[in-house]
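Taking it in order: structure first as structure tokens, then the write-up.
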Amino acid sequence: ANNTTAIGDLAEHFEYTGPIVPGYVVSFVPGSENEYEPCNQPYSEHITGVLSENPSVVLNSPQQGPAVALAGRVTVKLVKSDQHIKSGDFITSSDQAGLAQKAVHPGPVIGYAVKNQKPGEDFVEVLLQVGKYYVPPAYIDNDYDDEKPAEKTKGKW
């Protein structure tokens, strides 16, 4: 990868149907044969990646469709919200096609923000790590509010 940009991602060209807007969250179409579209379901189980504007590494031919970032850092488009995304917030899909949102409960995520969202911006930089956001029960249990997080899990696993 001989890219000189500050943000880099690993992408693959996908058979994607929908508007080609860098930063859109992409999902697999269940029941299809290798078809992808803008994700329009919150906490989608089929999140694939994010449309990349300028990937550092691309794995296949552009004849397949647009480049979808699968790993690395990428800018992600967000739903409008009164609360800004902060560095470390987990990011997931939303009910608005292609747009992401802050994950406020456990479930599928595309990764986490590595920068704070600035006022007036509708995007944030994310480290892509498609997977599940999980909160151990000991961190949720109110009986242990006075303990430190490390102490909460002691002896509970």
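The values are calculated or read from the model by the stated rules, or taken from the named source; none is laboratory data. All values derive from a computational prediction rather than experimental measurement. Positions of Cβ are backbone-derived with ideal geometry, glycine not excepted, and every protein chain shown enters the neighbour counts. Note: accessible area is taken over every heavy atom of the protein model, side chains too, but ligands, DNA and RNA are not part of it. Shrake-Rupley method; radii C 1.70, N 1.55, O 1.52, S 1.80 Å.
Here Ser87 clears all of (1) of a type in the set (Ser, Thr, Tyr); (2) at pLDDT below 95; (3) open to solvent by 40 Å² or more (accessible area, probe 1.4 Å) except the condition numbered (2). Does Lys80 satisfy being under 11 Å from the mean Cα position of the chain (by Cα) and of a type in the set (Lys, Arg)? Criteria not met by Lys80. Can you spot a residue in region 48-64 that is open to solvent by 30 Å² or more (accessible area, probe 1.4 Å) and under 13 Å from the mean Cα position of the chain (by Cα)? So far as region 48-64 goes, no, none of its residues is open to solvent by 30 Å² or more (accessible area, probe 1.4 Å) and under 13 Å from the mean Cα position of the chain (by Cα). When the strands (runs of 3 or more DSSP E) confined to region 44-95 are screened for residues that are closer than 21 Å to Lys118 by Cβ, those reaching at least 3 such residues are found at 67-77, 90-93.
Conditions tested, residue by residue: (1) over 18 Å from Tyr16 (Cα atoms); (2) at pLDDT below 95; (3) open to solvent by less than 60 Å² (accessible area, probe 1.4 Å); (4) acidic (Asp, Glu).
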| residue | (1), (2), (3), (4) |
| --- | --- |
| Tyr43 | yes, no, yes, no |
| Thr75 | yes, no, yes, no |
| Gly98 | no, no, yes, no |
| His105 | yes, yes, no, no |
| Gln117 | yes, no, yes, no |
